[in-house]
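Inspection log for the structure reproduced underneath, given as structure tokens.
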Amino acid sequence: MVLEIGPGTGALTRYLVASGARVIAIELDSNLAASLPGRLGNPPNLTVVEGDARSLDLRPCLGSESNYKVVGNLPYYAANPIIRRFLELDTQPKLIVATLQEEVAHTITAAPGKMGLLSVAVQYYANAHLVCSVPPQAFQPPPKVTSAVIRLDIRDAPAVNVDDPNGFFDLVRAGFSSPRKQLRNSLAHGLGVSTETVGGLLTRIELDGSRRPATLCLEEWAIVYRAWLGSSQTADE
């Protein structure tokens, strides 16, 4: 099964339907949603659902389906929450292929050295690859920015082993609270503790506190999280 987000006039939907796959297309615009089946000849393997993919109840769409893919030309303003939503579902897709703003695509697929909170949040769940850039002229009307296609292959298990993903992301979010600062300063600011406290913790795990948050890989963030969790538990005893 293929779940398409934002089919619009059906330029991509037409090919998805022709492949023989069962296609469920989620469209926010009521007029486009109503006209799409007829535009494509009312194919029996197409279901159009009117709604916002950021908040729509997906249970009727997915049913008991556990082997599905998500594709879509995502609105720039909604790309991040849509991607995060599917990554965090109990029943995740096997694959996400999406067109979105090129700047966001580069952030999602960034390697250590250029990573941000979004990079960590996505790569925790998926192997992220930049497929290609898409010039504005490829769209009608053309946007003011260049787009890009990304491919997210969902991992069988998260990239790092942490006991509480929400707590892990809270720690990473704190680490990126002042991303241009050194890690010890940014993390201290985000956690609301002294630089000395964070500096001591980083020294114990042999991580250079003068590094920038963007340079850490996922496993290093997991090490910091485990150390912080351990120090917090010790303080509570």
Single condition Leu152 does not satisfy, out of (1) closer than 26 Å to Pro179 by Cβ; (2) open to solvent by 40 Å² or more (accessible area, probe 1.4 Å): (2)
Top-ranked residue in the range 1-41 [being among the charged types (D, E, K, R) and over 26 Å from Lys94 (Cβ atoms); ranked as least open to solvent (accessible area, probe 1.4 Å)]: Asp29
Total residues in the range 116-164, condition closer than 15 Å to Asn80 by Cα and in contact (Cβ under 8 Å) with a residue 40 or more places away in the chain: 12
Search result, residues across the range 85-109 that are out of contact with any Gly (no Cβ under 7 Å at 6 or more places or on another chain) and under 21 Å from Thr215 (Cβ atoms): Glu103, Val104, Ala105, His106, Ile108, Thr109
Pairs where the first residue, in the range 19-30, is in contact (Cβ under 8 Å) with a residue 24 or more places away in the chain and of a type in the set (Gly, Ala, Ser) and the second is open to solvent by 60 Å² or more (accessible area, probe 1.4 Å) and not in a loop (DSSP other than H, G, I, E, B), C-beta under 9 Å, 6+ apart: Ala21/Lys69; Ala25/Thr47
Verdict on Ala121 being of a type in the set (Gly, Ala, Ser), within 25 Å of Lys69 (Cα to Cα) and surrounded by fewer than 14 Cβ atoms within 10 Å (Cβ to Cβ): no
The range 187-206: number of residues that are of a type outside the set (D, E, K, R), in contact with a Ser or Thr (Cβ under 9 Å, 6 or more places away or on another chain), within 15 Å of Trp221 (Cα to Cα) and open to solvent by 70 Å² or more (accessible area, probe 1.4 Å): 0
Criterion: more than 14 Å from the chain's Cα centre (by Cα), open to solvent by less than 60 Å² (accessible area, probe 1.4 Å) and over 30 Å from Gly38 (Cβ atoms) - qualifying residue of Gly51, Gly113: Gly113
Any hit, the range 215-232, residues being closer than 21 Å to Ala159 by Cβ, at pLDDT 95 or above and loosely packed, with under 15 Cβ neighbours inside 10 Å: yes
Residues located in the range 165-180, provided they are touching a residue at least 12 places away in the same chain (Cβ under 8 Å) and either open to solvent by 30 Å² or more (accessible area, probe 1.4 Å) or not aromatic (Phe, Trp, Tyr) (or both): Pro165, Gly167, Leu171, Val172, Arg173, Ala174, Gly175, Ser177, Ser178, Pro179, Arg180
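The values are calculated or read from the model by the stated rules, or taken from the named source; none is laboratory data. Being a predicted model, the structure only gives us computed values, none of them experimental. Every residue, glycine among them, receives a Cβ derived from its backbone with ideal geometry; neighbour counts consider all protein chains shown. Ligands, DNA and RNA are stripped out before the accessible areas are found, and what is left, the full protein with its side chains, is counted by its heavy atoms. Shrake-Rupley method; radii C 1.70, N 1.55, O 1.52, S 1.80 Å.
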